[in-house]
Every structure is written in structure tokens, then in C-alpha cells.
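A.B. asks: Sharing a structure here in C-alpha cells format.
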Amino acid sequence: MWHDTGTHAGIMPPGGPVQPYEHAENPETKRRIRKLLEVSGLLDKLVPVTATRATQEQLLRVHTRDYLEQISAMSAETGGDAGGFTPFGKDSYEIARLSAGGVIAAVDAVLEGTVRNAYAMVRPPGHHALADTGMGFCLLCNGAIAGLHALEARGLDRIAFVDWDVHHGNGTQAAFWEDPRALTISVHQDNCFPPDSGPIEDNGEGPGEGFNINIPLPPGSGTGAYEAVFDRVVVPALNAYKPQLIIVPSGFDAGAHDPLGRMQMHSGGYRSLTQKLLAAADELCDGRIVMCHEGGYNASTVPFYALAVMEELMGDSSGVDDPFLEIMSGLGGQELQPHQDEVIRRAESLLANL
Ligand code: ZN
């Protein structure tokens with residue numbers, strides 16, 4: 001919560017005609033998730049996993065030494081921008097190391113059997129960060145760093161990423177572009193962020209060819225489209241690849257009313273997708289799922305998405321109803337639409353490459 005993204009107008013630095021406001025990626029959504037877990041009673045039933053800072057060795061599996069030195073030096077002074085749209089304040093580098101380290105700790109806890117699955121409620125987020133630059137509010141590519149830890153320090157051979165953030169998981173894709181040890185799947189809004197990123201055609205290269213799957217859904221897609229993607233592409237891809245661990249870069253910005261996305265998911269949708277992943281993970285890898293928090297910018301609704309996901313991961317119910325669910329599930333276009341079906345059909349053809 002001490003990671004300071006500063007004064008912005010959503011994503012724009014203020015100045016000239018742009019009146020100062022808050023940055024879209026601020027602590028509030030995350031703080032409110034924790035508060036809802038607390039008042040719902042679920043927090044008491046969770047097993048806390050303590051984060052420690054990711055080491056230089058762990059970070060260098062994804063990032064260049066130059067980039068780490070550059071943001072470390074800026075962080076020691078007053079902060080700055082780690083790349084496109086990635087402002088940070090004093091000491092944010094240390095917090096980013098804690099964020100990456102939190103996902104590593106979650107992976108370790110799951111692999112050691114301390115917990116069956118885990119949700120790493122961390123910030124700053126990670127899935128846009130590249131080897132030599134931050135991007136889209138992300139300083140370090142947390143999920144990829146934790147995944148490479150699982151492969152290189154914990155002896156796993158095959159892991160899978162299922163990224164349901166509304167934006168393309170370009171950082172995770174890049175980290176494993178030529179690496180067959182990870183199946184990287186991103187379900188995102190077509191050409192939302194980064195610009196011109198995440199088309200179906202980007203399927204991996206060299207030894208990694210076939211092991212990157214992008215499903216760029218049209219704006220306006222609702223729970224019906226997401227469920228169809230999981231039934232027809234995500235779960236069959238997991239079944240074909242047989243990962244030993246599933247990491248979910250979990251953004252809640254595909255929710256209806258999110259300021260940085262144009263999709264229509266709701267808590268019932270996130271619940272349903274979690275159930276599908278849990279069923280697949282039970283079959284494939286003893287239920288081993290680690291979710292790491294990414295985007296999600298509507299502070300009112302995001303906590304209820306997280307609560308639904310958490311209830312499913314725990315196999316428990318808090319008894320708290322999502323007050324937004326009725327109005328969101330009634331939004332027009334929640335069912336799978338023909339132009340969305342067409343995209344999913346094209347993505348299904350990628351299964352033959354696995
Ligand atoms: Zn996002």
C-alpha cells in the first residue's frame with residue numbers, strides 16, 4: 001500500500017488542461033478487497049503466506065541487470081517512470097521486489113503443500129513488464145518471475161499461465177516466447193493495452209512455438225463469452241499440455257463498469273471461471289493454482305469479484321451476496337454473441353499446435 005503512483009488523472013500525468021486526480025492503479029481496490037474479506041469472515045479462515053523480497057538472482061531470470069539497476073537507483077531518490085505509464089515513488093523498487101517475492105512465496109507454499117492453492121494479493125502488478133522496461137503500471141513481471149522460480153529452483157518441468165486480466169499479458173508472453181516449459185494463455189479485450197498486442201497469430205516461436213495462446217475477445221464480451229473461451233480453449237489447452245502448476249495473473253478489470261476495460265464480467269462469471277480452473281487443476285496437478293493480482297480499477301465492484309474467487313479457491317462460502325450481481329448479470333449482451341463465437345472458433349484451431 002506504500003507503493004506511490006502519484007497524482008494523475010487516471011493514467012495521464014496532470015498539467016495544462018489535465019486537472020490532477022488520482023492514479024488508476026492506487027491502493028484502494030486492494031485495500032477494499034482485504035476489508036471485504038475481513039468483514040465477510042473469510043480472512044480468519046485463510047492461511048497467511050509471508051512475502052519476502054525477490055532476490056537479484058530471481059529477478060534476473062526475467063529482467064536485465066541494467067533495468068534493475070536503473071529503477072533501483074531512481075527508487076532510492078524520488079522515483080520516476082519505469083517505462084510507458086509506470087510511475088513510481090520513493091522505495092517502490094523494494095515494494096516491487098516484495099510483490100514479486102509474494103508470488104514466489106505463494107508458489108512455494110503451494111508446492112510444499114502448506115496450502116492447496118493461493119491468491120497473492122500484491123501490488124504493483126506485473127504482467128506487462130518486459131525484460132528491460134516497466135509498462136502499464138507494472139515494474140517487475142511477478143508471475144513470470146515466480147514461474148521461472150518454479151521451473152529453475154523447484155524442479156518443475158511444465159507450468160501454465162491463464163491470464164484473465166482484460167489487458168494482454170504481454171510481459172508473461174515475452175518471458176516464455178521461445179520456452180516450451182510454459183504454456184502462456186491470455187484472454188483479453190482485443191487491442192486494448194498494450195496497443196497492437198495480443199493477436200491470435202502470436203503463437204510462440206522456436207521451441208516455444210504453439211505454447212502461447214492469445215484469445216482477443218471483442219469489447220463488450222460478457223460472462224457467456226468468457227465461459228465459452230474457458231470451455232472450448234483454455235481447459236482443452238490445459239488438458240493437452242498437462243501443467244504441474246497453474247498460475248493465474250488475475251486482473252478484475254474485465255468486470256462491467258471498469259474504467260480501463262470494456263467487458264461485462266461479474267462476480268458470477270469470475271466464480272464460474274474459477275470453478276472451471278479448479279476442476280482442471282484437480283485433474284492435472286493436484287489442484288495447484290496460484291493467482292497473482294494484476295489490474296481491476298473499479299473500487300466498488302472489484303472486492304466482490306475477489307470474494308467470489310476466494311470462496312471458490314477455499315471451497316467455502318462467506319454468506320455475503322454481491323449486491324451488484326443482479327444488475328450486472330442482466331446487462332444486454334451477457335450471452336455469447338456470434339462475432340465473439342467467431343473469435344473463439346479461430347482460437348480453437350490453435351489447440352492442434354499443442
Ligand atoms: Zn489490466
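The values are calculated or read from the model by the stated rules, or taken from the named source; none is laboratory data. Since the model is a prediction, treat every value here as computed from it, not as a measurement. Cβ placement follows ideal geometry from the backbone for every residue including glycine, while neighbour counts extend to all protein chains displayed. When the accessible area is computed, the model is the full protein with side chains, heavy atoms only, and any ligands, DNA or RNA have been set aside. Shrake-Rupley method; radii C 1.70, N 1.55, O 1.52, S 1.80 Å.
A.B. asks: Taking the Cα centre of segment 28-353 as the origin and placing charges on Cβ (Lys, Arg +1; Asp, Glu -1), which of M328, G198, I104 is farthest toward the positive end of the dipole?
C.D. replies: Going by the Cα projections, it comes out as I104.
A.B. asks: To the nearest 20 debye, what is the magnitude of the charge dipole of segment 1-142 about its Cα centre, counting +1 on the Cβ of each Lys and Arg and -1 on the Cβ of each Asp and Glu?
C.D. replies: Values: 13 positive and 16 negative charges, 102 e Å.
That gives a dipole near 480 debye.
A.B. asks: Modelled label-to-label distance, E28 and D66, 7 Å Cα→beta-carbon offset: nm?
C.D. replies: 3.9 nm
A.B. asks: Further, regarding this structure: Which residues' amide hydrogens lie under 5 Å from the amide hydrogen of A9, considering only partners 5 or more residues apart or on another chain, with H built in the peptide plane?
C.D. replies: Y21
A.B. asks: Give me the number: length gained by fully extending A240 to Q56, i.e. 0.36 nm times residue separation minus the C-alpha to C-alpha distance, one decimal in nm.
C.D. replies: Numbers: separation 184, 0.36 × 184 = 66.24 nm, distance 3.42 nm.
That pair, A240 and Q56, stretches by 62.8 nm at full extension.
A.B. asks: What's the tally of Lys pairs in the chain whose alpha-carbon atoms lie under 25 angstrom apart, where the two lysines are 8 or more places apart or on different chains?
C.D. replies: Numbers: K30/K45; K30/K90; K30/K276; K35/K45; K45/K276; K242/K276.
Lysine pairs, 8 or more places apart or on different chains, close enough: 6.
A.B. asks: Over the chain, what is the mean sequence separation of C-alpha contacts under 8 Å (at least six apart), divided by residue count, expressed as relative contact order in percent?
C.D. replies: Numbers: 778 pairs, mean separation 61.1, N = 354.
The normalised contact order for the chain reaches 17 percent.
A.B. asks: Among F230, L68, G113, whose Cα lies farthest out toward the positive end of the dipole of segment 28-353, if unit charges sit on the beta carbon of Lys, Arg (+1) and Asp, Glu (-1)?
C.D. replies: With unit charges placed on the Cβ atoms, the residue in question is G113.
A.B. asks: Sort M291, M314 from largest to smallest accessible area, using a 1.4 Å probe on the heavy atoms of the protein chains. Display every interim value, and only then the final one.
C.D. replies: Values: M291 0, M314 60 Å².
Solvent-accessible surface, decreasing: M314, M291.
A.B. asks: If you don't mind, another one. Can you pull the one-decimal nm distance between simple spin-label points at S300 and D91, each 7 Å off the Cα toward Cβ?
C.D. replies: 3.4 nm
A.B. asks: Give the accessible surface of the chain per residue, rounded to a whole number of Å², with probe radius 1.4 Å and ligands, DNA and RNA excluded. Don't skip to the end; give the middle numbers.
C.D. replies: Working: 13820 Å² over 354 residues.
Ligands and nucleic acids excluded, the result is 39 Å² per residue.
A.B. asks: Distance from a point 7 Å along Cα→Cβ of A73 to each backbone N in segment 52-67: keep the residues under 16 Å and list them by number.
C.D. replies: Only 64-67 pass the distance filter.
A.B. asks: E77 accessible area, nearest 10 Å², 1.4 Å probe?
C.D. replies: Approximately 130 Å² of E77 is accessible to the 1.4 Å probe.
A.B. asks: What is the calculated FRET efficiency for S349 to D286, with r their C-beta to C-beta distance and R₀ = 41 Å, to the nearest 0.05? Before the final figure, lay out each step's value.
C.D. replies: On the way: r = 31 Å, r/R0 = 0.75.
Efficiency for this residue pair is about 0.85.
A.B. asks: In nanometres, what is the gap between the two model label sites at D316 and A9, each 7 Å from Cα along Cα-to-Cβ?
C.D. replies: Output for this residue pair reads 4.5 nm.
A.B. asks: Work out the FRET efficiency for Q19 and E342 from their Cβ-Cβ distance, taking R0 = 30 Å, and round it to the nearest 0.05.
C.D. replies: Details: r = 41 Å, r/R0 = 1.38.
E(calc), rounded to 0.05, equals 0.15.
A.B. asks: What order, most packed first, do the peptides 299-309, 123-133, 138-148, 103-113 have when packing is the mean number of other Cβ atoms within 10 Å of each residue? Could you put the intermediate results ahead of the total?
C.D. replies: Working: 299-309: 22.9, 123-133: 25.5, 138-148: 30.5, 103-113: 21.1.
The packing order, highest mean first, is 138-148, 123-133, 299-309, 103-113.
A.B. asks: Still on this model: Can you compute the charge dipole magnitude of segment 34-85 about its Cα centre, using +1 on each Lys and Arg Cβ and -1 on each Asp and Glu Cβ, nothing else charged? Give it in debye, rounded to the nearest 20.
C.D. replies: Working: 6 positive and 7 negative charges, 60 e Å.
Using Cβ point charges on Lys, Arg, Asp and Glu, segment 34-85 gives about 280 debye.
A.B. asks: To the nearest 0.05, how large is the calculated FRET efficiency for E201 and D231 if R₀ is 30 Å and r is the Cβ-Cβ distance?
C.D. replies: On the way: r = 23 Å, r/R0 = 0.76.
Efficiency, rounded to the nearest 0.05: 0.85.
A.B. asks: Label 7 Å along Cα→Cβ of A279; segment 311-340 residues with amide nitrogen under 12 Å?
C.D. replies: In segment 311-340, the label zone of A279 (backbone N under 12 Å from the point 7 Å along Cα→Cβ) covers no residue.
A.B. asks: Quick one: dipole size for the chain, taken about the Cα centre, charges +1 on Lys/Arg Cβ and -1 on Asp/Glu Cβ, in debye to the nearest 20.
C.D. replies: For the chain, the charge dipole is close to 540 debye.
A.B. asks: Follow-up. For segment 316-354 and segment 79-101, compute the distance between their C-alpha centroids and round to whole Å.
C.D. replies: 33 Å
A.B. asks: Which sequence of D163, D91 reflects their accessible areas, 1.4 Å probe, from the largest down?
C.D. replies: D91, D163
A.B. asks: Let me ask another. What is the list of residues in segment 99-130 whose amide nitrogen lies under 17 Å from a point 7 angstrom out from the Cα of R154, following Cα to Cβ?
C.D. replies: 99-122
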